[in-house]
Structures are given as C-alpha cells and as structure tokens.
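> Dropping a structure here in structure tokens format, bear with me for questions.
The values are calculated or read from the model by the stated rules, or taken from the named source; none is laboratory data. Keep in mind that what you see is a predicted model, and the values were worked out from it rather than measured. With ideal geometry, Cβ positions are generated from the backbone for all residues, glycine too; neighbour counts draw on all protein chains shown. Only protein heavy atoms, including side chains, enter the accessible area calculation; ligands, DNA and RNA are left aside. Shrake-Rupley method; radii C 1.70, N 1.55, O 1.52, S 1.80 Å.
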Amino acid sequence: MPDTTQLLMFIAAGWLLNLTPGPDVLYIVSSALRSGVRAGIVAALGIVSGCFVHVFAAALGVGALLATSATAFTVLKWAGAAYLMWMGVKLLLAKGGGSSVVPVGVSAEVAEVNLWRVYRQGFLTNVLNPKVALFFLAFVPQFIAPGTEDKVSAFLLLGLLFNVNSLPINFGYAWLAGWASRRVGAVQRTMHWMDRAAGVLFIGFGLKLALSDNPSR
C-alpha cells in the first residue's frame, strides 16, 4: 500500500475523477430526477458494482488482454456502444406518462419504480465499457510502490478503495437531483424533455465509444 501522502493523493484524485460528468453520472442524475433519490442511489450502486467487476478483471489480467488485444477491445467496445445508444433511443421514445417516467403530479416517493431494473441498467452501463477496465489498469498501478511483493493484492485493495471512495460523490449526485425533482415544479412539468436530452447524450456517449480507438495503440 502507498504511504499516507500517496494514499491521500489517491483519494483526492478519485474524488476529482468521479466528479467529472460522463455516462455514469448522467445515469445517476437522470434516474434520480425521474424517480427520486432512492432510484439515484440504486443506480449508483449498480454502477459501482460494475466498477468492482472491472477491478477484479484488471487484477486477473483481463484488463491487460483488453489493452493488448484489438479484437477483445473492439467486441466489448461495440457491445458497450450499442447498449448506451439503445438506452438513448429508449429515453428519446419514452412517453411522459410511461412507466419509466414519474407522471406529472405524482411524487417520486410514491411512484412505483422497478429498482432492480434501475440497478441492472446502471451495472450494464458501466461493465460494458472497456475504457473503465483500461482506466483502472492505467490509474491504479501509479500508486503501487515498485517494491511491493504482492502487487495483485495491492491493486485489488486500491481498486476497492477507489470504488468505495466514489460512493459519497455518486450519492451526492443522486441526492441533489432527487432534491431538485421534488422542489422545482418546472423539472416535473418538463421531464419528458429532460428524458430526450438525456437520450441524446447517451447516444452521443455511445457514438464516442464506438468511434474510439484502443488507448494502448
């Protein structure tokens, strides 16, 4: 494990990285805006679960495979891009009174939400993005001392710390978005337009992923 100074730098860097908007943050915020704080927190838990998969995969060498194998990276990249764009299209086509959107005049707390579906979609949004695995493969080793004997265990511990460290940021996004959805009437009245804006962004993230190259090349 790194010394105290390095560990504090690792935690600070993790917070800054998790504050950066991306597909994960967008999914948390959109879930909380449509269905309340609880849905946003469940979305965050799904995303963090996907990050755990990437940490274990990188520690076991799957991340290295993605970094060196163009075929493996391309397959997962297209799967992730297709899923992001599929979610974007669903949001674009969603109707204001549909089951995935809180109807006008119904509070987020009493609207029925399929939390398992929220969790599953958050998990898939993260786990199907090969760049997350490559991120862990590139970021975490910088904080492992060269003389560390068991580098795999050190990688796992730092990866787990990064994911746990991300929870306050992700929960904060969920709380703020849920708070806004309850107190700003305009948000409720124009939720279908927000769904469409989120749909466009998800499609944009999917296209960006589809057109990206393997960072190792």
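> Please pick out the residue among GLY98, GLY105 that is open to solvent by 60 Å² or more (accessible area, probe 1.4 Å), part of a loop (DSSP other than H, G, I, E, B) and at pLDDT below 75.
GLY105
> Of everything in the range 3-54, what is out of contact with any helix residue (DSSP H, G or I) (no Cβ under 7 Å at 6 or more places or on another chain), hydrophobic (A, V, I, L, M, F, W, C) and open to solvent by 40 Å² or more (accessible area, probe 1.4 Å)? Give them in sequence order.
LEU7, LEU8, MET9, ALA12, LEU16, LEU17
> Taking the residues in the range 149-163 that are without any contact (Cβ under 8 Å) to a residue 60 or more places away in the chain and more than 28 Å from VAL75 (Cβ to Cβ) as candidates, determine which candidate is farthest from the chain's Cα centre (by Cα).
Here is the first cut: in the range 149-163, the residues without any contact (Cβ under 8 Å) to a residue 60 or more places away in the chain are 149-151, 153.
Of the ones still in play, those that are also more than 28 Å from VAL75 (Cβ to Cβ) are 149-150, 153.
Values: GLU149: 32, ASP150: 29, SER153: 24 Å.
Ranking the candidates gives GLU149 first.
> Any idea which of (1) closer than 30 Å to VAL75 by Cβ; (2) surrounded by 15 or more Cβ atoms within 10 Å (Cβ to Cβ); (3) modelled with pLDDT under 80; (4) not β-branched (Val, Ile, Thr) is the one GLN188 doesn't satisfy?
Failed condition: (1).
> So, one more: Return the pair list, or none, for Cβ contacts closer than 9 Å from residues in the range 19-33 that are closer than 9 Å to ALA43 by Cα to residues that are among the basic types (Lys, Arg) and open to solvent by 10 Å² or more (accessible area, probe 1.4 Å), at least 6 apart or on different chains.
As it stands, the answer is ALA32/ARG38, since those pairs meet every condition given.
> Here is a follow-up. Yes or no: ASN163 in a helix (DSSP H, G or I), at pLDDT 90 or above and in contact with a Cys (Cβ under 6 Å, 6 or more places away or on another chain)? Break it down into steps so the answer makes sense when it comes.
Details: in a helix (DSSP H, G or I): yes; at pLDDT 90 or above: yes; in contact with a Cys (Cβ under 6 Å, 6 or more places away or on another chain): yes.
Yes; evaluated as a whole, the condition is true for this residue.
> Answer yes or no: is there a residue in the range 60-83 that is under 26 Å from PHE171 (Cα atoms) and either part of a loop (DSSP other than H, G, I, E, B) or at pLDDT 80 or above (or both).
First, pick out the residues of the range 60-83 that are under 26 Å from PHE171 (Cα atoms): 80-81, 83.
Still in the list and also either part of a loop (DSSP other than H, G, I, E, B) or at pLDDT 80 or above (or both): none.
Taking every residue of the range 60-83 in turn, none turns out to be under 26 Å from PHE171 (Cα atoms) and either part of a loop (DSSP other than H, G, I, E, B) or at pLDDT 80 or above (or both).
> Quick test for you: out of ARG38, ARG34, pick the one residue that is at pLDDT below 85 and more than 26 Å from PHE143 (Cβ to Cβ). Full working, then the answer.
Numbers: ARG38 fails: at pLDDT below 85.
Of the residues listed, the single one that is at pLDDT below 85 and more than 26 Å from PHE143 (Cβ to Cβ) is ARG34.
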